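S.K.: Please see the structure below; I have some questions.
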């Protein structure tokens, strides 16, 4: 499973671009997904493709678990901040 993030140039922001769309795709073929995304991009847009779930290790138990790639650090059991609250 992959997640595609599409960014558009925007000079009003500090980074010079803004997130326009974030969409999940249930496919295992990354190259086909890239071709599909490139075909629909407009001028001034760029994309990033991420694996939706990543494997991390819990800080307390040492067990591996899967979580979404964009989970904030402080909400992840793999961080010290999560366990100190």
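S.K.: Could you work out [θ]222 nm for the chain from helices alone, using -39500 (n - 2.57) per DSSP H run of at least four and dividing by all its residues? Round to the nearest 500 deg cm²/dmol.
M.R.: -4500 deg cm²/dmol, from helical runs alone.
S.K.: Now, a different point. So between residue 51 and residue 85, what do we pick up on full extension, going 0.36 nm a residue minus the alpha carbon distance?
M.R.: Difference between extended and current length: 9.4 nm.
S.K.: Pop the C-beta distance of residue 41 and residue 71 into the FRET formula with R0 = 35 Å and round what comes out to the nearest 0.05.
M.R.: 0.85
S.K.: In degrees, nearest 10, range 0 to 90: what is the angle between the Cα axis of helix 30-40 and the longest Cα principal axis of the chain?
M.R.: Taking Cα atoms only, the helix is inclined about 40 degrees.
S.K.: Same structure again: Show me, bin by bin at 10 Å from 0, the whole-percent P(r) of the chain based on Cα pairs.
M.R.: Histogramming the chain at 10 Å steps yields 16, 34, 28, 19, 3 percent.
S.K.: How big is D, in µm² s⁻¹, for the range 1-51 by Stokes-Einstein at 37 °C and 0.692 mPa s if Rh is the Kirkwood radius over C-alpha pairs?
M.R.: Rounded to a whole number, D works out at 285 µm²/s.
S.K.: Something else: Quick one: 66, 22, 43, fewest Cβ neighbours within 10 Å first, how do they rank?
M.R.: The order, fewest Cβ neighbours first, is 43, 66, 22.
No value in this document is a laboratory result; all are computed from the given coordinates. Computed from a predicted model, the values in this text were never measured in an experiment. Cβ atoms come from the backbone with ideal geometry, glycine included; neighbour counts cover every protein chain shown.
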